[in-house]
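I have placed the structure first, in the form of structure tokens, so that the comments after it can refer back to it.
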Amino acid sequence: MMTLRKENDYSWDFQTENVKRDTHCFHNYPAMMIPQIAERLIREYGKGAKSLFDPYCGTGTSLVEANLCGINAFGSDLNPLARLIAKTKTSKLCVKELEAYVQSLHNYLLSVNFGKICYPQNIPQFKNIDYWFLPQTISELAIIKQFIDTIENNRIKDFFLIAFSETVRESSLTRNGEFKLYRMTEEQVKKFKPDVFSMLLSKVNRNKKGLESFLKKTNSFNSQVYVFEFDSSQEVTLEDESVDLVVTSPPYGDSKTTVAYGQFSRLSSQWLGFEEADNLDSRLMGGAPKEIFPTGFQLLDATIQQIASIDEKRAREVYSFYVDYIKSISNVANVIKRGGYACYVVGNRRVKDITLLTDEFTKSIFEQFEFEHKYTFIRNIPNKRMPRKNSPTNETGKTATTINNEYIVVMNKK
Ligand SMILES: C[S@@+](CC[C@H](N)C(=O)[O-])C[C@H]1O[C@@H](n2cnc3c(N)ncnc32)[C@H](O)[C@@H]1O
């Protein structure tokens, strides 16, 4: 009996699972992968694997899961904030040492509350800081940052920086629940009174619990994690045929018209002093528009032509993303061992009412690099934070559902 190779499979939905278990609770980020998906892919396609690679590792969901299965993990991302989160989520910190710092933080904030410390030094001088933060919040954030800067153990320092970064975002005047930077209304600003110190402490406590759970599950393993900053569409600096398994979720499209990772990270990055975060969105895949030439992939070329017949500019944006995507897959394919697997979790978004069949494109591109298609599982996305609606025609008020399903494309290197 022939089995279907592409079908709906609700067992990949994980509707009721805790997606914030272990260190996955550390920091929110747009379009995070569900840890249960990474875990299941590793268990099903990584039997006996020694290494996993995620070329768009974001906050390191698949790196954490690799470590939880005792596998070494390599990840890369162009966003410095994402790299910091990924590294920290996989850092095997000494809890005793961490607890001593948590106690010092409590004491320090108490002295602040009793008026013993009131003048923060080093308030960052970035543009529009007053537009995004209340004056009191700026002082309190700077006071916290002053404490964190005194921590000598860099890995522990990063642990606090992660909690600080989320506090920056939540205490800012950005509208809640949006990844792009929009300011609250004046009415909302008047009512907004963030308790910055409590926010920080609750994140530190939550993350400490997550860390303890991660450490308990990984203490019998000696697996390592390496986080790089290479642009996978330019190069992948791992040895050829050295990786057993790739588990990744690439961006759905260029950052400007899909998920703005740079905008999401901007305020945190400014407080953390990540200069390379400027103009991040234009450096991510598809960020630099190119002139259209045939890619050689029939379905992709036909789709781009269809969009071009309606809107040439949008077609160029779409094309630029896929050109980078093809280069990235070619680099990734090279580092996978024969017999190894590439598992790509992708979304098929719509542009100008035309669906971009990224799952099919992914399959054809890998096939060109000697991979065989194993399965495509189609899942619902109940708990991935994504813009579900956009304006496909750019007419105000006219929206269409962009992505309700995800496609888990599994390819095997011959
Ligand atoms: C869907 S997110 C990955 C989320 C991740 N799986 C997680 O759970 O946090 C895609 C990531 O790709 C990164 N990215 C985009 N273009 C890139 C490129 N050319 N090279 C490396 N990373 C890139 C973005 O910064 C973003 O973090």
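Only residues that are without any contact (Cβ under 8 Å) to a residue 40 or more places away in the chain and under 11 Å from the mean Cα position of the chain (by Cα) were counted across region 42-60, and they come to 1. Restricting 113, 107, 72 to those that are away from the ligand (no atom under 16 Å from the Cβ), in contact with a strand residue (DSSP E or B) (Cβ under 9 Å, 6 or more places away or on another chain) and among the polar types (S, T, N, Q) reduces the list to 72.
Residues that are near the ligand (Cβ under 9 Å from one of its atoms) number at least 1 in the following helices (runs of 4 or more DSSP H) confined to region 233-328: 261-272, 280-283. Filtering 179, 230 for residues that are among the hydrophobic types (A, V, I, L, M, F, W, C), surrounded by fewer than 17 Cβ atoms within 10 Å (Cβ to Cβ) and part of a loop (DSSP other than H, G, I, E, B) leaves a single hit, 230. Under the condition of being more than 16 Å from the ligand (Cβ to nearest atom), in contact (Cβ under 8 Å) with a residue 40 or more places away in the chain and in a helix (DSSP H, G or I), the residues counted in region 210-227 number 6.
Can you tell me which residue among 77, 22, 13 is buried (at least 22 other Cβ atoms within 10 Å of the Cβ), more than 24 Å from residue 326 (Cβ to Cβ) and not β-branched (Val, Ile, Thr)? Residue meeting the stated conditions: 22.
Within region 31-59, being among the polar types (S, T, N, Q) and within 6 Å of the ligand (Cβ to nearest atom) holds for one residue alone: 59.
Which members of region 6-41 meet the condition of being assigned to a helix (DSSP H, G or I) and either touching a Ser or Thr at 6+ places or on another chain (Cβ under 6 Å) or in contact (Cβ under 8 Å) with a residue 60 or more places away in the chain (or both)?
So in region 6-41, the residues assigned to a helix (DSSP H, G or I) come out as 10-12, 22-25, 35-41.
10, 12, 22, 23, 24, 25, 35, 37, 38, 41, listed by residue number.
Say we look at region 86-95 and pick out the residues that are in a helix (DSSP H, G or I) and among the basic types (Lys, Arg); which of these is farthest from residue 208 (Cα to Cα)?
Just the residues of region 86-95 that are in a helix (DSSP H, G or I), to begin with: 86-89, 95.
Subset that is among the basic types (Lys, Arg): 87, 89.
Details: 87: 15, 89: 11 Å.
The residue in question is 87.
Under the condition of being in contact with a Phe, Trp or Tyr (Cβ under 9 Å, 6 or more places away or on another chain) and not in a loop (DSSP other than H, G, I, E, B), the residues counted in region 338-359 number 9. For region 42-85, taking the residues that are assigned to a loop (DSSP other than H, G, I, E, B) and basic (Lys, Arg), the one that is nearest to residue 331 (Cα to Cα) is identified as 50.
Coordinate-derived values only; no laboratory data. Small disclaimer: the values here were computed from a predicted structure and weren't measured. As a convention, Cβ positions derive from the backbone with ideal geometry for all residues, glycine included, and neighbour counts pool all protein chains shown.
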